[in-house]
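All of the numbers you see were taken from the coordinates with simple rules; none came from a lab. On a predicted model such as this, the values are computed, not experimentally measured, just so you know. We place every Cβ from the backbone using ideal geometry, glycine too, and count neighbours over all the protein chains shown.
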Amino acid sequence: MSPPPTPRRKGPTVSTVSALRHLIATEVKLVLREPMTLGFGMLLPTVILLGLGSVPVLREPAADFGGVRFIDTFAPTALILGMGVLGIQHLPSVLATYRENGVLRRMSTTPVHPGLVLAAQLIAVVAAVFASSALLVLTAWLVLDVPLPRQPLLFTAAFLVGTASLVALGVLAAALAPSTRVANGLSMALYLVVMLVGGLFLPRIFMPDVLVRLGEVTPPGVQLLLDSWSGGADASGTGPLAQLAIMAVIAAVAAAAAAKLFRWE
Amino acid sequence: MPIIDVRNLHKRYGDKVVLDDVSFSVDEGEIFGILGPNGAGKTTTVECVEGLRVPDGGTISVLGLDPRRDRAELRENLGAQLQESALPGRLRAGEALRLYASFYRESADPDELLDMLGIADQRDTQFRRLSGGQKQRLSIALALVGLPRVAVLDELTTGLDPQARRTTWDLIERVRDSGVTIVLVTHFMDEAERLCDRLALVDGGRIAALDTPGGLVAGAGLEQRMSFRAPADLDERALSALPEVASLHRTGSQVRITGQGNLVYAVTAALARDRVVAEDLRVERSSLDDAFVALTGNGLPS
C-alpha cells in the first residue's frame, strides 16, 4: 500500500500584507484603465472649473453672488463632483460586478480572503479621490486664483471625513444590492441627491435655505468644505465640529452595516 | 489511500434535497469524472470538496485535510476552476496570473504556465478581449498556478467550439501527466469517456453508478451488436450455440449477431477456430450515453 498522499508543507503562508500590496497595485491599474472613471471622476471637475473660470464675469466679485466671486463658491461643488463619481458611482458598480461575475468566488478558492480585493479596490478609489481633489485645488489656486483652503486643518478634516462618509455609503449600496443593475440604480440615486445638495444643478448661493441646511448633514458635507475653504467657518464654535461628527457617524454606521450585510454571492 | 475521500455527503437547500448520501474516493494521479445532467448535484458536490459550501452531513477528506477546518492549508493544495467565474475586464492575462501566483507560498512560473496552455501570445491581452477558449485556458492556468496536488475543473468545455474542446482535453491529460490529480465535472459523455479513468454518474443527488467508462458500459448489461461478411460454408449453429450470442441473422453473405458479455471475443475466437475469415467486421459499441440511460432511467440533454 502506498503512503497516504499528504499536503506540501513548505514555508509560511503568504502574509495578508503582501497579498494586499499586490492587489492594490492591480486595482490602481484597473482604475486608471477605466476611461469613464478617469475622465469623469478625476479630470472633469477640474475641466468644469476651468471652463467656468474662463467666463470673465464669474471671476469677478458680484452682488448677484453675494459679493464674492462665483468661481470661489463653485470650487467645493466641483470637488464633490469628483468625490461622488469615484466614491458612489464607480466604487459600488465595481464591487457589485466583482460579486456578480464571480471574481470574489474565484478568489475564495485561493489562500487569500476575497475581502482583500474589496479592500484593495476601496483603497485605490480613495487614492483616486485624493489625486482628483489635489488636481482641482491646485489648478484652482494656480490658474483661477482661488485661494488655497484658508482653514487647512479643518478643511483637511472635513475632506477626509467627507470622503469616508461617501465611500462608506458607496460600499453599503454594493453590499445591499442583489445585482449589479440594482447597485448602479442605488448609486445613481445617491449620487443625484449628493450633487443636488452639493450645488451642481443649482449653485448653492441660489438655493432655498432648506437645501443649504441639508448641505450641513448630507455626505460629504459640502457646507463645511465651502466654509473651511473660504475661511468662513467658525472654528471656535460647535457648528463645524457637529458637522464633522455627523459625517463621521454616517461613515461609521454605513461601514459597519456594509461589513455586516455584505452579500458574498 | 485515496487523495480525496467523500463519505455519506448530504446537503439540502431549504426543502430541496440536493445531495443524498454521496460517497466516492479519488486516487492519486487519476482523472476522476463526475457526470450527470444539469441540476444533478455535481457542482454542489465539488463545492463541498473545495470548502466553498458546508455539507449538512457526511465527511470529506482531501489530502487528509478537512475542507472547513483546514481551509487555508486546503487552498494551498487544491486548485479550482469554477463554472462562470470571470476576472476584471481590463485585467491582462499575464497580470492575472502573476497576481494569483502571489497568493500562494509556492507557485508555478506564470510565463511557463501561459506557454504550456498555449496563451503566451495573449499575455498582454485584457480579459474582456480573450475568446471563450482563451478565457477557459486562463482559468485553468489560475487553478494550477499554486502548484496544487488536486485540481477541480467544473464544466470546463461548455460553450467551446469542437476544436477548442479537443485542445483543452489534450491539455488536461498533460496536466495529469505532470502529477496533478484531476476531478472533472461535466455533462458531456464524450468528454467523460475520453478523459476519465473512473466516473461517478450522478443523478438526482445520488450516485447512480461508479466505475471505469468501459465498466459502466459493460455493467449496464446493454445488448451488443456486430456484423461481418462470411463465406457460404459458415457453421451458424456453432455460433448460435455460444452463450454470449442472443440472436443471429444471415442475409446472403452478411451475418448480424446480437448478444451480451464478451460477445466480440467469443465470436471471433470461434471463427478463428473454424478457420473462417470474417470480412468487413463491424462492432457497434454501446456508448456511455446508452449506459447512462440504462443506469439512471433517463437521458442526458445533448
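Going from the residue with the fewest nearby Cβ atoms within 10 Å to the one with the most, B:LYS42, B:LYS11 rank B:LYS11, B:LYS42.
Under the convention that each Lys and Arg Cβ holds +1 and each Asp and Glu Cβ holds -1, the size of the dipole of the protein assembly as shown around its Cα centre is about 880 debye. The phi-based Karplus calculation (6.51 cos²θ - 1.76 cosθ + 1.60; θ = phi - 60°) puts the 3J(HN,Hα) values of the stretch A:180-185 at 4, 4, 5, 4, 5, x Hz, whole numbers, x for Gly and Pro. The Cβ shell under 14 Å around A:THR156 holds other residues with a net charge of 0, Lys and Arg each +1, Asp and Glu each -1. Rounded to the nearest 20 debye, the dipole magnitude of the stretch B:223-284 is 40 debye, with +1 charges on Lys and Arg beta carbons, -1 on Asp and Glu beta carbons, and the Cα centre as origin. In the calculated pair-distance distribution of the protein assembly as shown, the portion above 34 angstrom amounts to 55 percent of the Cα-Cα pairs.
Taking only the Cα atoms of chain A, the radius of gyration and Dmax are 21.2, 95 Å. Sparse packing (at most 13 other Cβ atoms within 10 Å of the Cβ) combined with a DSSP loop state is found for the following trypsin sites (Lys or Arg not before Pro) in the stretch B:43-85: B:ARG68, B:ARG69. For the pair the stretch B:228-273 / the stretch A:47-89, the C-alpha centres are spaced 96 Å from each other.
Exposure proxy shown here: for A:LYS260, B:LYS135, the number of other Cβ atoms within 10 Å sets the order, fewest to most, as A:LYS260, B:LYS135. Taken one residue at a time, the phi angles of the stretch A:253-265 give Karplus couplings (6.51, -1.76, 1.60, θ = phi - 60°) of 5, 5, 5, 5, 5, 4, 5, 6, 9, 4, 7, 8, 10 Hz. Gly and Pro are set to x.
The mean count of C-beta atoms from other chains within 10 Å of the C-beta of residues in B:77-89, rounded to a whole number, is 5. The mean sequence separation of alpha-carbon pairs under 8 Å and at least six residues apart, normalised by the residue count of the stretch B:223-284, gives a relative contact order of 48 percent.
Amide H contacts under 5 Å for B:THR125: B:ALA93, B:GLY94, restricted to partners 5 or more places along the chain or on a different chain, H placed in the peptide plane at 1.01 Å from N. Rounded to the nearest whole Hz, the Karplus-based 3J(HN,Hα) values (6.51 cos²θ - 1.76 cosθ + 1.60, θ = phi - 60°) of the stretch A:69-75 follow the sequence 7, 4, 4, 5, 6, 8, 3, with x at glycine and proline.
Helical runs (DSSP H, four residues minimum) scored at -39500 (n - 2.57) apiece and divided by the length of chain A put the mean residue ellipticity at 222 nm at -21000 deg cm²/dmol.
Per-residue shielding of A:97-104, expressed as the average number of other chain Cβ atoms within 10 Å of the residue Cβ, stands at 3. A simple count of charges around A:ALA242, restricted to other residues whose Cβ falls under 13 Å of its Cβ and scoring Lys, Arg +1 and Asp, Glu -1, yields -2. Using every pair of separate Cα atoms, the Kirkwood estimate puts the hydrodynamic radius of the stretch B:4-218 at 17.6 angstrom. Helical runs assigned H by DSSP (4 residues or longer) give chain B a calculated mean residue ellipticity at 222 nm of -9500 deg cm²/dmol, each run adding -39500 (n - 2.57) before division by the residue total. Across the stretch B:4-218, the mean sequence separation of Cα contacts (distance under 8 Å, 6 or more residues apart), normalised by length, yields a relative contact order of 30 percent. Counting only the Cα atoms, the stretch B:223-284 fills a convex hull of 70 Å³ per residue. Mean sequence separation of contacting Cα pairs (under 8 Å, at least six apart), scaled by the length of the stretch B:105-239, corresponds to a relative contact order of 17 percent.
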